[in-house]
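The values are calculated or read from the model by the stated rules, or taken from the named source; none is laboratory data. Model, not experiment: these values are computed from the prediction. Cβ: placed from backbone, ideal geometry, glycine included. Neighbour counts: every protein chain shown. Ligands, DNA and RNA are stripped out before the accessible areas are found, and what is left, the full protein with its side chains, is counted by its heavy atoms. Shrake-Rupley method; radii C 1.70, N 1.55, O 1.52, S 1.80 Å.
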Amino acid sequence: MLGSLLAGCTTAGSRDVGASPRGSTPSSVGSPSPSRSTGTPVGSPPTDSAWRALAAGLDGDLVRPEDADYGEAKELFNPRWDAVHPLAVVEATTAEDVSEAITFALRHSLDVRPKSGGHSYVGASAVTGGIVVSTSRMAGVQYDAPAGTAAVGAGARLYQVHAALDAQGRTIPTGTCPTVGATGLTVGGGLGIASRQYGLTCDQLDGAVVVTADGVIRTVDADTDPDLLWALQGGGGANFGIVTQLRYSTQPTASLGFFLLSFPWSGAAAVVRGWSSRITAMPLSTWANLHLEAGSDGSTQARVVGVCAAGAETAEAQALEAAVGVDASSTSLFTKTYLDGVQFLGGGTSSSRQGWAAGSDVLPTMTTPASQALVQVIADRAASGQSGVAILDPLTGAVQHRAPGASAFPWRRHLASIQWYLDVPSSPTTEQLSAAYDWIATAHAAVSSLSVGGYVNYLEPRRPVASYYGGNLARLQAVKRAYDPHGFFSSPYTIPS
């Protein structure tokens, strides 16, 4: 998954593009397990006739294990979840299909997992003995020119959204991976190259259609169910209901300037500090993230990927280099049209399935000891002959224009997120997975003096769920109790009640 320009392909920015271990660990590292809360009425297992009745009531399709397309229907982006087998996949085409699936699951006491893009870091769309509700066939994008808004189906992938809106000269800030689902990205926050200029993806969310745990289809906005809209703006997926459509404010497109800089590893700690300083001072139209990379051949690399207004790339590269105080060992400057830039950052218009493990930290500031510790983690990884990367994305600029409680995304007064990322085999052994998360735990420990939590779109199995929500946890718990009082949407990664 380290194959694209931004060192991988998932949500926002770089691929979105603490103490060890912190919190309880599910019984199998990184594996989803059914975890229905008590309180939901217990029903009898569905009979063949019940399954046939469900299928007959859908506009979309019901896919069962005996069907030829079952494997594809349940497939997630990360192949390591291929061994998880739901009882069925509902390929919904309407909100009513989603309601039918939830009602059926309630009647028969089955777990439900929603699936849009399927890029979840912990396989949150996989379930054994339950139902997957896929919205992948609900992928339309409609632009309302007078209102300047876009209605996007819950199954739309990021490249689909960008291509459709670019035809209208419009866009929304998102991550870069072309096959990430717009819904999952949005409800977790949504970091990306336009975050400093326009804010997070969730900051553009004006309304949504959501099917809640009672099977009710709700059209939510600032006037109707505003607390639910607030929770969908960064509260994470599969907590409050299944989204079937999102409505966004849009922004105009423009050509993009790029500045790509690599620095000698001997100056890596200075690069971390200089980058940290520059991302608080650069124009809102400029964004840059930082990659510290360890190669399995023992190599190390510090590089910056920067995006700015076309024509400003030379000045922005020089300003960053001056802030770092170390001469870049290589520099690449160029411009692209907006959609060409989207394709460049995403490595194309699609992406191949890949295995990986990841985690995150959120930092309010950067210190000299933290920069040195961060660099040492990567150097040690390279010295061990193993690959891994720390990707730092800015949380400055327009991200900070909203108060921490204005949406569910809590990290509005912070400097940056760090994504810890490493490749794992498509079908990793328990030992390989454990070793991967052991390294992530080591990385957490290196910055534990500064870290205040994690980014909910980068879920990991060893981190307490509460650590993703900061000061917004109590309000999110109240919304959870209001819309899902019996814990119908429940897994090791849902908001604790």
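Descriptive notes on the structure:
- Flag if S451 is more than 29 Å from F104 (Cα to Cα) and open to solvent by 20 Å² or more (accessible area, probe 1.4 Å): yes
- Residue list for region 71-127, filter: over 19 Å from the mean Cα position of the chain (by Cα) and polar (S, T, N, Q): T93, T94, S99, T103, S109
- When region 387-409 is filtered for residues that are part of a loop (DSSP other than H, G, I, E, B), open to solvent by 10 Å² or more (accessible area, probe 1.4 Å) and in contact with a strand residue (DSSP E or B) (Cβ under 9 Å, 6 or more places away or on another chain), only S387 remains.
Per-residue answers, yes or no, for (1) over 14 Å from A238 (Cα atoms); (2) in a loop (DSSP other than H, G, I, E, B):
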| position | (1), (2) |
| --- | --- |
| L450 | yes, yes |
| R463 | yes, yes |
| L473 | yes, no |
| L476 | no, no |
| F489 | no, yes |
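- Within the option set S384, S360, S371, S352, being within 22 Å of V324 (Cβ to Cβ) and of a type in the set (S, T, Y) holds for one residue only, S371.
- Being modelled with pLDDT of 95 or more, farther than 18 Å from T179 by Cα, surrounded by fewer than 24 Cβ atoms within 10 Å (Cβ to Cβ) and not charged (D, E, K, R) holds for only one residue in A73, A68, and it is A68.
- Hey, A167 under 25 Å from G235 (Cβ atoms), open to solvent by 20 Å² or more (accessible area, probe 1.4 Å) and more than 16 Å from the chain's Cα centre (by Cα) or not: no
- Qualifying residue in region 127-134 (condition: modelled with pLDDT of 95 or more, of a type in the set (S, T, N, Q) and surrounded by fewer than 21 Cβ atoms within 10 Å (Cβ to Cβ)): yes
- Within region 277-327, tally of residues that are in contact with a strand residue (DSSP E or B) (Cβ under 7 Å, 6 or more places away or on another chain), among the small types (G, A, S) and under 19 Å from L363 (Cβ atoms): 2
- Scanning region 348-368 for residues that are out of contact with any Pro (no Cβ under 9 Å at 6 or more places or on another chain), farther than 21 Å from L422 by Cβ and in a loop (DSSP other than H, G, I, E, B) gives P364, T365, M366, T367.
- Taking the criterion of being out of contact with any Gly (no Cβ under 6 Å at 6 or more places or on another chain) and surrounded by fewer than 22 Cβ atoms within 10 Å (Cβ to Cβ), the residues of region 212-224 that qualify are D214, G215, V216, I217, R218, T219, A222, D223, T224.
Condition check ((1) of a type outside the set (D, E, K, R); (2) modelled with pLDDT of 95 or more) across all residues:
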| residue | (1), (2) |
| --- | --- |
| I217 | yes, yes |
| D221 | no, yes |
| A238 | yes, no |
| V243 | yes, yes |
| F263 | yes, yes |
| V271 | yes, yes |
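- Note on region 411-448: residues that are part of a loop (DSSP other than H, G, I, E, B) and buried (at least 24 other Cβ atoms within 10 Å of the Cβ) total 1.
- Scanning region 337-386 for residues that are hydroxyl-bearing (S, T, Y) and open to solvent by 60 Å² or more (accessible area, probe 1.4 Å) returns T337, T349, S350, S352, T365, T368, S384.
- The lone exception for P41 - which of (1) under 21 Å from the mean Cα position of the chain (by Cα); (2) in a loop (DSSP other than H, G, I, E, B); (3) at pLDDT below 95 it fails: (1)
- Qualifying residue in region 214-235 (condition: over 21 Å from P114 (Cα atoms), outside any loop (DSSP other than H, G, I, E, B) and touching a Phe, Trp or Tyr at 6+ places or on another chain (Cβ under 8 Å)): no
- Considering (1) part of a helix (DSSP H, G or I); (2) over 21 Å from A281 (Cα atoms), the lone condition that S371 does not fulfil carries the number (2).
- Top-ranked residue of region 89-111 - restricted to ones that are within 25 Å of V180 (Cβ to Cβ) and aliphatic (A, V, I, L, M), ranked as surrounded by the fewest Cβ atoms within 10 Å (Cβ to Cβ): A95
- Screening region 170-194 for residues that are out of contact with any Leu (no Cβ under 8 Å at 6 or more places or on another chain) and part of a helix (DSSP H, G or I) and picking the one that is surrounded by the most Cβ atoms within 10 Å (Cβ to Cβ) gives G188.
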